[in-house]
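Encoded as structure tokens, the structure appears first; notes follow it.
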Amino acid sequence: MSETHTDAILVLVTAPTADKAAELARALVEEGLAACGNVVPGLRSIYRWEGKVHDEPEALLVLKSRAPLFEALRERVVALHPYQCPEVLRLDVAAGHAPYLQWIVDNVRTSR
């Protein structure tokens with residue numbers, strides 16, 4: 001089996017609601033910073049913030065993009081996000097289905 005190397009990335013972003021996650025996804029796709037955003041509703045996040053443990057409903061946004069766009073994407077998420085300290089985590093994609101990886105390349109802008 002041959003491996004297809006790529007600069008594709010997944011970016012994980014939590015949001016207070018599925019609607020807010022969808023709003024973020026739409027903006028990032030329209031601006032060419034992400035090829036796709038999947039909204040996963042129904043998360044339950046338990047976390048420490050400002051010295052207290054919180055237990056809150058959230059939604060997860062999974063974005064598909066490219067490594068050269070990560071900083072611009074991160075900056076835009078932070079600007080649009082309602083949280084003071086939003087989760088924006090980059091996961092590098094080591095390999096994948098070549099036609100899908102090409103679709104990501106074809107559906108994001110080429111430069112910052």
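Exactly one residue out of ALA21, ALA34, ALA27 is in a helix (DSSP H, G or I) and within 11 Å of the chain's Cα centre (by Cα): that is ALA21.
Of the residues contained in region 70-81, none is found to be assigned to a loop (DSSP other than H, G, I, E, B), more than 13 Å from the chain's Cα centre (by Cα) and touching a residue at least 12 places away in the same chain (Cβ under 8 Å). Residues in region 56-112 that are among the charged types (D, E, K, R) and in contact with a helix residue (DSSP H, G or I) (Cβ under 8 Å, 6 or more places away or on another chain) were compared, and the one that is most open to solvent (accessible area, probe 1.4 Å) is ARG112.
ARG44 satisfies every condition listed in (1) in a loop (DSSP other than H, G, I, E, B); (2) out of contact with any helix residue (DSSP H, G or I) (no Cβ under 9 Å at 6 or more places or on another chain) except (1).
LEU61 meets the conditions (1) under 30 Å from HIS5 (Cβ atoms); (2) in a loop (DSSP other than H, G, I, E, B) in every case but one. The failed one is (2). Of all positions in region 79-96, at least one carries a residue that is touching a Ser or Thr at 6+ places or on another chain (Cβ under 8 Å) and of a type in the set (D, E, K, R).
Counting only residues that are closer than 18 Å to ASN107 by Cα and touching a His at 6+ places or on another chain (Cβ under 8 Å), region 1-57 holds 1 of them.
Is it the case, given these coordinates, that LYS20 is among the basic types (Lys, Arg), farther than 27 Å from HIS5 by Cβ and open to solvent by less than 70 Å² (accessible area, probe 1.4 Å)? It is true that LYS20 is among the basic types (Lys, Arg), farther than 27 Å from HIS5 by Cβ and open to solvent by less than 70 Å² (accessible area, probe 1.4 Å). Looking only at residues of region 82-111 that are over 19 Å from GLY32 (Cβ atoms) and acidic (Asp, Glu), we find that the one that is nearest to the chain's Cα centre (by Cα) is GLU87.
The values are calculated or read from the model by the stated rules, or taken from the named source; none is laboratory data. Keep in mind that what you see is a predicted model, and the values were worked out from it rather than measured. All Cβ positions, even for glycine, are placed from backbone atoms using ideal geometry, and neighbour counts span all protein chains on display. These accessible areas exclude ligands, DNA and RNA; they are computed on the full protein's heavy atoms, side chains included. Shrake-Rupley method; radii C 1.70, N 1.55, O 1.52, S 1.80 Å.
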